[in-house]
4 protein chains.
Amino acid sequence: MDDRFSSVRLEAFSDGIFAIATTLLVLEIAVPESGFDDLWQAIRDHWPSYLAYTTSFFTIGALWTAHHGLFRRLESADARILHLNLLLLWVVAFLPFPTKLAAEALRHESDDPERAAVLFYGGALLVISIVMTAMTLYAARRRDLLKEGVEPEELHELSKRIRPTAPFYGLILLLALVAPRAAVWLFLGLALASVIAPIRSGGRRPSAD
Amino acid sequence: MDDRFSSVRLEAFSDGIFAIATTLLVLEIAVPESGFDDLWQAIRDHWPSYLAYTTSFFTIGALWTAHHGLFRRLESADARILHLNLLLLWVVAFLPFPTKLAAEALRHESDDPERAAVLFYGGALLVISIVMTAMTLYAARRRDLLKEGVEPEELHELSKRIRPTAPFYGLILLLALVAPRAAVWLFLGLALASVIAPIRSGGRRPSAD
Amino acid sequence: MDDRFSSVRLEAFSDGIFAIATTLLVLEIAVPESGFDDLWQAIRDHWPSYLAYTTSFFTIGALWTAHHGLFRRLESADARILHLNLLLLWVVAFLPFPTKLAAEALRHESDDPERAAVLFYGGALLVISIVMTAMTLYAARRRDLLKEGVEPEELHELSKRIRPTAPFYGLILLLALVAPRAAVWLFLGLALASVIAPIRSGGRRPSAD
Amino acid sequence: MDDRFSSVRLEAFSDGIFAIATTLLVLEIAVPESGFDDLWQAIRDHWPSYLAYTTSFFTIGALWTAHHGLFRRLESADARILHLNLLLLWVVAFLPFPTKLAAEALRHESDDPERAAVLFYGGALLVISIVMTAMTLYAARRRDLLKEGVEPEELHELSKRIRPTAPFYGLILLLALVAPRAAVWLFLGLALASVIAPIRSGGRRPSAD
C-alpha cells in the first residue's frame, strides 16, 4: 500500500465541505427587529442577500459538477492533486465571508464599500476557477492516475468547459471597478451558465455509462 | 465514460445538504439574557420556534424519504434531473431563513408580520413540493435512466404520494391570508402526514428488496 | 423494488446529523469583549460551556456507537424504524439549544434558571435514551429485517447495554430538582460510562467480524 | 458478528466532523457596521482572522491526511481506537472556539490576551497531535486490526511523519510566552509543512495501490 490517496475519500471530504459551505451561506441572512413593522418591505429589501446567496450557491453547484466530472475519472490522486484540492477547499470554505460582505455592501448607499466588497468576492470566485482549471489540466497530463478506459482527451474536454470562466471573471472584475452592482448579476449569470453548459453536451452524447 | 451523473453521488451531496439544513434550523433559537429571570416562562414562550423547527424538520424528513425513493430507482441522472435537483437544494438550503422569520413573527403581537412571514415560509414549502413532483414525473418518462427491473409505474406511484402536497400547500396559503397562525399548524400536520403516509404502504407490500 | 429503506442510507443521513449536531455545539461558546481584559479568567469562567459541550459530545458519541451497533445488523428498515429514527434525529438536532441554555444558566448566580435549564436538558437526554432503546427492542422482534447470520439475541444484548441509561436519567432528573449543578456532572459521567461500557465487552469477544 | 467497529463508518463519521469544523471556522469572521466606511481597510484589518482560519484549516487538512493514512490500513477498530478517535474528534470539534479567541486577541493592542489566547489555541493543537500519534502507534502494535498485506512498519513510518509535530508544538508554545504573534505564524508554517511533507514521500514510492 503506497501513499496515494483514494479519489473516493477525497471526493467525500470535498463534497462535505461543498455541502456545508453552500448551506452556511443562508445563516448570515437576518431581518432586524425593526424590520417586523413592515415585513414584506424588509423581505424585499434583502434582495442583495438573496442575490449573493444564489450566486454563491450556483457557483459551488457548478464547481461540484466539474469536481465530480474530474474525480470520477481518477483512479487515485497524487501529492499535487491533494494540494490543489486543499487549496480549492480553503477558498470554498472561506466563501461565506466575502458573500456576506457583498450582500451587506449592496445594501449600503455609497459606492465605495460596494466596489471593495464585490472585488473581494469576485477575486475569491476567480481563484476558485483558476485552481479548478489547473487541477483538471494537471490530471490530464498524468495518465497513470486515470481510471482504466478514461482518455486524457476527456479531461481536456472537461477543462475546455471550466477554463472559459477565468477570463470572464477577469472581465467582470474590471467592470466591478465602475459598476459593482452590475458585476454581481454577471457573476450570477456566469454561475448559471456554468451549471447549464457542461450538461447540455451530456444530452448530445447519450452513450451508456 | 459520458457526462451522465451517477445517482449515488447526487444523493450523497443532497443528503449532506438535507442533514445540514435540518440541523442549522435550531441554531436560530436563543433565549435573551432577560429570559433567565423566569426560564420556564422563557422556554414556554419559545413555542413558535419549536413549532417552526419541527415543521421544517419533518418537511425535510418527508422530502428526504421521497428523494431517496426516487434516486434509489435511478441508474444515472441526466441534465434535467441535475438541474431540478440543484433547484430543489437551492430552496432547501434557503429554508432556515423563512423558518426563522416565521418563528419570530409568531412571537409578535400584530397580525401583519405573521401573515407576511407565513406566506413567505409556505411559499418556500410549496416550491419544494412542486420541484420534487416535477422531478419524479420527469424520471417516470425516462425509462433509460431507471435501474434494471424498475417499472415506470413505481415512479408514478411515488409521484401520486408526493403530488397531493402541492394543492394542500396552496389551500393552506390561502388560509394564511386570514389565519396565519393556524396555517403553520397545518403545515406541520401536512409534514407529519407526508412522513407517515408513504411508509404505511410499505407495510402493505412486504415483498423482498 | 418495495418501499423498504436501505439501512445504509438511513445510517448515512443519521451520521450526518450526529456529526453536525456535535460540531455546532461549540458555535455557541463566545467570550464577550470585556473578557479580553483578563482572558485567562474569562477562559476559566466558561467552564459551564465546556462541561455542557463535553456532556453533549459524548452523549452523541455513545448514541452513535449504539446506533451503528443496531444498523449494521439490519438488512433493511421498515416504517416503524424510519419513524423512530426520525424522532431520534429530531431530538438530537434540537440538542444544541438545551445544551446552550444549560451552559448559560450555570453561569448565573441564582438557582432557579439552573434548575429549569438542567431539567429541560436532561429531559432531552432522557427522550433520546428511550427512543434508542425502543428502536433496538423493536428491531429485535423483527427477524425479517436482520442481516443473515444475525441473531435477535445480539440485539437484546445491545439493548441491555443501552437500556440502563433511561432509569439513570430519571434519577438524575430527580436530583436536578435540588442540585442541578451536580446533575450535569452526572450526565457527563453517564455519557462517558456509555461510551466506555459497550466497547469493553467487545474486547471480551474477539471473534472475527 | 462481534463488537468491533468497521473502520469505514468510523472514517465517515470523522470526515463529517473534520469537514464541518473546517467550514465553521469562517462563520466567526464578521466586519462590524462601522467597517463599511472604509471597507478595504476593514478587510485588511481582519488579517488575524484569515491567519487563524488558515492555520486551523491546514492543521485539520494535515490531520485528515494522517487520519486517512491510518484508517485505510485498518480492517476494523477496537475499543482503544474508538476511544482515542472520540477524544480526537472532541478536540477537533472544539477547535473553532480557540481559533476565534486567537483571532480576536490578535486584533487587541495589549499583549496579555494575545498570550492567553495563543497558549490556549496552541494547547489544543498540541493535544490533537499527541492523540493522533498515540492512535497510530497503538494501531502499529495491533497486527490483528490491520488489513491483509499491511505491514506494521507502514504505520511506524506514518507515525514518524506525524510524531515530530508534538515537540514542535511544545517549542512554539514556549515561544508564545514571549512572542504570541510570531507563534501563530509558526503554527501555520507547521500545518503547511505537515500537509506537504507526508505526500512528498508518496511521489518517491510510485507503486500501485
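The values are calculated or read from the model by the stated rules, or taken from the named source; none is laboratory data. Predicted model only: the values in this text are computed from it and were never measured. Cβ atoms come from the backbone with ideal geometry, glycine included; neighbour counts cover every protein chain shown.
Annotations
- Filter result for the condition that a residue is modelled with pLDDT of 90 or more and surrounded by fewer than 24 Cβ atoms within 10 Å (Cβ to Cβ), over D:10, D:84: D:84
- Yes/no for residue B:137 being outside any loop (DSSP other than H, G, I, E, B) and within 13 Å of chain A (Cβ to nearest Cβ): no
- Only one of the numbered conditions (1) touching a Ser or Thr at 6+ places or on another chain (Cβ under 7 Å); (2) free of Cβ contacts under 8 Å to residues at least 60 places away in the same chain is violated by residue B:136, and that is (2).
- Qualifying residue in segment A:91-98 (condition: closer than 27 Å to residue D:25 by Cα and not in a helix (DSSP H, G or I)): yes
- Criterion (of a type outside the set (Asp, Glu) and at pLDDT below 90) met by exactly one of C:136, C:65: C:65
- Output for segment A:132-148, where each listed residue is in contact with a helix residue (DSSP H, G or I) (Cβ under 8 Å, 6 or more places away or on another chain) and within 14 Å of residue A:69 (Cβ to Cβ): A:132, A:133, A:135, A:136, A:137, A:139, A:140, A:146
- Verdict on residue A:73 being more than 10 Å from chain D (Cβ to nearest Cβ), of a type in the set (D, E, K, R) and touching a helix residue (DSSP H, G or I) at 6+ places or on another chain (Cβ under 7 Å): yes
- Matching residues, segment C:115-148, being surrounded by 20 or more Cβ atoms within 10 Å (Cβ to Cβ) and of a type in the set (D, E, K, R): C:115
- Single condition residue A:102 does not satisfy, out of (1) more than 27 Å from residue D:195 (Cβ to Cβ); (2) among the small types (Gly, Ala, Ser); (3) more than 13 Å from chain D (Cβ to nearest Cβ): (3)
- Total residues in segment A:28-42, condition within 14 Å of residue B:117 (Cα to Cα) and either of a type in the set (Lys, Arg) or assigned to a loop (DSSP other than H, G, I, E, B) (or both): 3
- Residue pairs whose Cβ atoms lie under 9 Å apart, sitting 6 or more positions apart in sequence or on different chains, and linking a residue in segment D:3-30 that is within 17 Å of residue B:27 (Cα to Cα) to a partner that is surrounded by fewer than 24 Cβ atoms within 10 Å (Cβ to Cβ) and among the charged types (D, E, K, R), are D:27/A:28; D:28/D:104.
- Scanning segment D:28-44 for residues that are of a type in the set (A, V, I, L, M) and more than 9 Å from chain A (Cβ to nearest Cβ) turns up nothing.
- Any hit, segment B:142-159, residues being of a type in the set (Val, Ile, Thr), within 14 Å of another protein chain (Cβ to nearest Cβ) and over 19 Å from the mean Cα position of the chain (by Cα): yes
- Residues in segment C:1-47 that are among the aromatic types (Phe, Trp, Tyr) and over 19 Å from residue D:100 (Cβ atoms): C:5, C:13, C:18.
- Flag if residue C:19 is over 21 Å from residue D:20 (Cβ atoms), among the hydrophobic types (A, V, I, L, M, F, W, C), modelled with pLDDT of 90 or more and touching a helix residue (DSSP H, G or I) at 6+ places or on another chain (Cβ under 9 Å): no
- Restricting attention to segment D:149-176, the residues that are buried (at least 17 other Cβ atoms within 10 Å of the Cβ), more than 20 Å from residue D:71 (Cα to Cα) and among the hydrophobic types (A, V, I, L, M, F, W, C) add up to 5.
- The number of residues in segment A:59-99 being touching a Leu at 6+ places or on another chain (Cβ under 8 Å) and within 18 Å of residue A:181 (Cα to Cα) comes to 2.
- For segment D:49-64, a residue qualifies if it is surrounded by fewer than 22 Cβ atoms within 10 Å (Cβ to Cβ) and in contact (Cβ under 8 Å) with a residue 60 or more places away in the chain, and the qualifying residues are D:51, D:54.
- Filtering segment B:92-114 to residues that are under 13 Å from residue A:57 (Cβ atoms), free of Cβ contacts under 8 Å to residues at least 60 places away in the same chain and crowded, with 23+ Cβ neighbours inside 10 Å leaves only B:97.
- Condition met for residue A:75 (touching a residue at least 60 places away in the same chain (Cβ under 8 Å), among the acidic types (Asp, Glu) and in contact with a strand residue (DSSP E or B) (Cβ under 7 Å, 6 or more places away or on another chain)): yes
- Taking the listed residues B:51, B:25, B:84, B:10, the one that is assigned to a helix (DSSP H, G or I), under 19 Å from residue B:190 (Cβ atoms) and within 12 Å of chain A (Cβ to nearest Cβ) is B:25, with no other qualifying.
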